[in-house]
1. Restricting the search to the stretch 388-418, which residues are buried (at least 21 other Cβ atoms within 10 Å of the Cβ) and either of a type in the set (S, T, Y) or in contact with a strand residue (DSSP E or B) (Cβ under 7 Å, 6 or more places away or on another chain) (or both)?
2. Of all residues in the stretch 162-187, which are closer than 22 Å to P30 by Cα and of a type in the set (D, E, K, R)?
3. Could you name every one of the helices (runs of 4 or more DSSP H) located completely within the stretch 323-427 that has at least 1 residues being in contact with a His (Cβ under 9 Å, 6 or more places away or on another chain)?
4. Restricting attention to the stretch 127-151, which residues are without any contact (Cβ under 8 Å) to a residue 24 or more places away in the chain and more than 20 Å from the chain's Cα centre (by Cα)?
5. Output the residues belonging to the stretch 267-286 that are touching a residue at least 40 places away in the same chain (Cβ under 8 Å), closer than 19 Å to P239 by Cα and either surrounded by fewer than 16 Cβ atoms within 10 Å (Cβ to Cβ) or among the aliphatic types (A, V, I, L, M) (or both).
6. Within the stretch 235-269, which residues are in a helix (DSSP H, G or I) and either under 30 Å from K213 (Cβ atoms) or of a type in the set (A, V, I, L, M, F, W, C) (or both)?
7. Could you please tell me which pairs satisfy a Cβ distance under 9 Å, a separation of 6+ or placement on different chains, a first residue in the stretch 3-14 that is of a type outside the set (A, V, I, L, M, F, W, C), and a second residue that is assigned to a loop (DSSP other than H, G, I, E, B) and modelled with pLDDT under 95?
Amino acid sequence: MDSLHIVGGKRLEGRIPISGAKNSALTLLPCALLTADKLTLGNLPRLADVDNFSHLLNGLGASTKIAGVKKGEFGRRMTLSAREIASTVAPYDMVRKMRASILVLGPMLARAGEATVSLPGGCAIGDRPIDLHLQALEALGAEIELAAGYVKATAPKGRLSGGEYSFPVVSVGATENALMAAVLATGRSQLFNAAREPEIVDLCNLLVAMGGKIEGIGSSHLIIDGVEGLNGCTYDVMPDRIEAGSYACAAGITGGSIELVGARPHDMLAITNALAAAGLVVEFTADGIRVTADKPLKPLAISTAPYPGFPTDMQAQFMAMLCMAPGESFLEETIFENRYMHVPELRRMGANIDVCGRSAIVHGVERMTGAQVMATDLRASMSLVLAGLCATGETEVLRVYHLDRGYERLEEKLQAVGATIERRTTG
């Protein structure tokens with residue numbers, strides 16, 4: 001089993017290339033099921049989740065071919081071809097590894113007129129029902145049946161008819177599934193209170209490049225006019241705003257200066273505003289964003305919210321950084337009800353954090369101390385790495401397979417800016 005060993009106390013300085021966005025890649029990959037033509041995705045991050053999703057698509061009949069990657073390069077190019085959908089069933093053993101697997105439901109239903117998908121797995125960060133996915137698909141004309149841990153969806157006349165759906169709460173995944181289903185419907189669909197995340201915009205832009213007709217991109221009101229068929233295309237995955245924000249926190253917690261090469265400022269305003277409020281200097285450069293900690297950190301009050309609010313996927317990383325901010329910081333988690341599982345591990349390293357329900361108070365400490373800690377989910381894992389980077393002594397982070405799901409070659413990128421970090425494998 002792999003673990004990360006970190007010797008803390010080093011000031012990080014330099015440039016880190018930002019990889020393609022995991023959350024976007026997992027949404028763009030199932031678009032291959034919408035066309036018989038080839039779809040080529042560039043800037044695709046090399047992550048366990050991407051590999052797992054590719055295997056899922058292989059099981060449904062899509063071929064995947066990866067272009068050669070030069071040593072030292074990040075990202076890769078993959079060509080997907082689903083000339084025929086060999087199976088409309090995504091079984092449990094394929095889906096259980098990650099929640100994003102539910103995103104094959106919409107495109108399979110749209111193209112094949114039916115889809116049977118196991119209820120998904122993923123990080124244990126709270127109850128994340130798929131009710132909104134199913135309600136949205138029903139509004140587009142699908143008939144839904146739940147049985148024995150599977151969702152079976154059918155289009156009564158072979159194609160969805162289209163329709164209108166207003167999300168009672170903002171849901172990124174449900175918006176994505178509804179979008180992919182609606183592009184091949186026979187009529188017009190309208191989605192109200194749709195998610196507005198940059199990853200949703202990335203999906204819309206790909207669907208338009210494939211011949212889809214979508215209005216209102218970037219807004220909460222999406223209008224989709226169904227088309228007879230979609231074509232293939234070549235498209236690059238957007239840069240990962242969460243990875244960029246995570247490395248920005250690495251600069252903050254170590255008193256360093258890191259340029260996030262390829263990061264897009266307009267995707268990250270809530271994150272960069274919070275970094276600036278914490279006392280960091282944020283500069284927009286020709287190549288991305290530079291984040292510098294040239295003075296002591298300041299405490300913050302943060303509440304997670306759907307985009308354009310502060311992302312839940314950055315809460316754990318900011319909590320780790322704010323452990324080194326004198327005074328008290330207040331965090332509120334409004335998206336998931338069980339996303340403070342990293343707190344006990346941070347406490348093992350000397351953090352002083354009180355949790356009450358969905359709220360947390362971080363009391364700044366003078367120093368953190370290295371310890372053996374265990375990751376519980378993807379973003380929690382990164383918070384422990386960040387704590388280890390500033391801690392006195394050595395930190396060992398266990399269960400790094402969580403990190404491999406979302407951070408491409410993390411230790412290599414951190415080593416390049418001065419961190420003492422290495423991966424070790426034990427029997």
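1. G388, L389, A391, T395, V397, V400, Y407, K413, L414, V417
2. E176
3. Fully inside the stretch 323-427 and qualifying: 378-390.
4. The answer is D131, L134, E138, E143, I144, E145, L146, A147, A148.
5. A270, I271
6. R241, I242, A244, A248, C249, A250, A251, I253, P265, H266, D267, L269
7. Within 9 Å, the pairs are S3/R399; S3/V400; S3/T426.
The values are calculated or read from the model by the stated rules, or taken from the named source; none is laboratory data. Because the structure is predicted, anything quoted here is derived from the model rather than measured. No Cβ is skipped: glycine too gets one built from the backbone with ideal geometry, and neighbour counts run over all protein chains shown.
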